[in-house]
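Enquirer: I have a structure here, written as structure tokens, and I will follow up with some questions on it.
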Amino acid sequence: MRAPAPGFTTRFAPAPTGALHLGHAVNALWVWGLARRFEGRVLLRIEDHDRGRCRPAYEQGILDDLDWLGLVPDGLTTRDFRAGPVPQRQSDNTARYEMRLAELEARGLVYGCRCSRAEIALVTNAHEGLELVYPGTCRGQGSGVRDQVGRRVLMKRDAPERFDDLRLGPQSQDPMAQCGDLLVRDRNGQWTYQFAVTVDDWEQGIDLVIRGEDLLASTGRQLRLAQLLGRTTPPAFLHHPLLRHPDGRKLSKSSDDTGLAELRAAGWTPARVLGLAAQLSGLQPDPTPCAPAGIADLFAAV
Ligand code: GLU
């Protein structure tokens, strides 16, 4: 693993669509651990772009769990943090997304799309579980039609997106082959994860994104989108190992067996949770408890 440039700004960006579990503790450990080791700053961003699935109670749970873990976003004291309001919430950023989309539209990079997921799957003969590649059915339609129409950004370029992941090394991704023209707002007017995260990372000055390997495939398209939006200095990326169930499944946000609130209720200490998270993501050979104040040491060898 290569060391990030010291003094970076990163973020912890959970979606309040469920309670935090051990998988989030792993992400938080990498985010705060690297920030403490390399004098970085951690911003908290509540990723509530999916209005249908987000719940205020989950958001409160995230704040409580982070506070309990002893991982406090920079620029806030623990007391402010618990009292709220939360510094960044995607549902507050609608005007920002509208403006960025309008800029892309003005440059002829956006078109309206009426296709549903089911229609795309049918046309492309997609296999369940695999990512849908949009075949460009509505391309050429322009951005004039507005109601009940999604918005896609033209993604075609001659060269793939290349980036050097701090942990995984050189990567090359072709968004056109992975997903086709990117959906930035869906037919219900909801902003997509890819668009919201790209706009926010730029707006918040995030220059290092630390997240799990499950999001590796999103990085090329976010880099391309950032470029189209006009971001000239892209962030660096570090994708860390995912925590898995012993049977190999990825932990989902709905799995309650490793929920932080449940572990806390069962008498676990923050140090025990962080120690286990460190072991399960390859930072130490055993689950030796690790106090929040000591997490930088897990990255001493970087
Ligand atoms: N909100 C995403 C999640 O909870 C993380 C987004 C990101 O790190 O880019 O999985």
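Enquirer: With +1 on each Lys and Arg Cβ and -1 on each Asp and Glu Cβ, how big is the dipole of the chain about its Cα centre, in debye rounded to the nearest 20? Show your work: numbers first, answer last.
Expert: Values: 37 positive and 37 negative charges, 109 e Å.
Here the chain has a charge dipole of around 520 debye.
Enquirer: 5 Å is the cut-off here: which amide hydrogens, built 1.01 Å from N in the peptide plane, fall below it relative to HIS240, excluding neighbours closer than 5 in sequence?
Expert: ARG211, GLY212, GLU213
Enquirer: For a quick check, take a GNM of the chain with Cα springs below 10 Å and name the residue from ARG151, ARG264, ARG221 with the largest mean-square fluctuation.
Expert: Top of the fluctuation ranking is ARG264.
Enquirer: In the chain, which cysteines lack any other cysteine Cβ under 4.7 Å from their own?
Expert: Cys with no partner Cβ under 4.7 Å: CYS54, CYS115, CYS179, CYS290.
Enquirer: So, R0 is 35 Å and r is the distance between the beta-carbons of THR288 and ARG162; what FRET efficiency does that work out to, to 0.05?
Expert: The calculated FRET efficiency here is 0.35.
Enquirer: Still on this structure, I have one more. Give me a comma-separated list of calculated 3J(HN,Hα) values for the range 131-140, in order, Karplus coefficients 6.51, -1.76, 1.60 applied at θ = phi - 60°, integers in Hz, x for any Gly or Pro.
Expert: Using θ = phi - 60°, the values come out as 5, 6, 9, 5, x, x, 3, 9, 4, x Hz.
Enquirer: OK, next. Based on alpha-carbon positions alone, could you give the equivalent ellipsoid semi-axes of the range 150-210 from the gyration tensor, as √(5λ), descending, whole Å? Could you put the intermediate results ahead of the total?
Expert: Working: eigenvalues 103, 63, 15 Å².
Semi-axes from the Cα gyration tensor: 23, 18, 9 Å.
Enquirer: At 0.36 nm per residue, minus the direct Cα-Cα distance, what do ASP174 and LEU122 gain on full extension? Give it in nm, one decimal, please. Don't skip to the answer; put the middle values down first.
Expert: Details: separation 52, 0.36 × 52 = 18.72 nm, distance 2.28 nm.
Net length gain for the segment: 16.4 nm.
Enquirer: Also, quick follow-up: From the alpha carbon gyration tensor of the chain, can you work out the equivalent ellipsoid semi-axes (sqrt of 5 times each eigenvalue) and give them in Å, largest to smallest?
Expert: Semi-axis lengths for the chain are 34, 20, 20 Å.
Enquirer: Follow-up. Taking the Cα atoms of the range 1-68 alone, what are Rg (to one decimal) and Dmax (as a whole number) in Å?
Expert: 13.2, 39
Laboratory data are not the source of any read-out in this text; all were calculated from the coordinates shown. In this text, all values refer to a predicted model and were calculated from it rather than measured experimentally. Because the Cβ atoms are built from the backbone with ideal geometry, glycine has one as well, and the counts that use them run over all protein chains shown.
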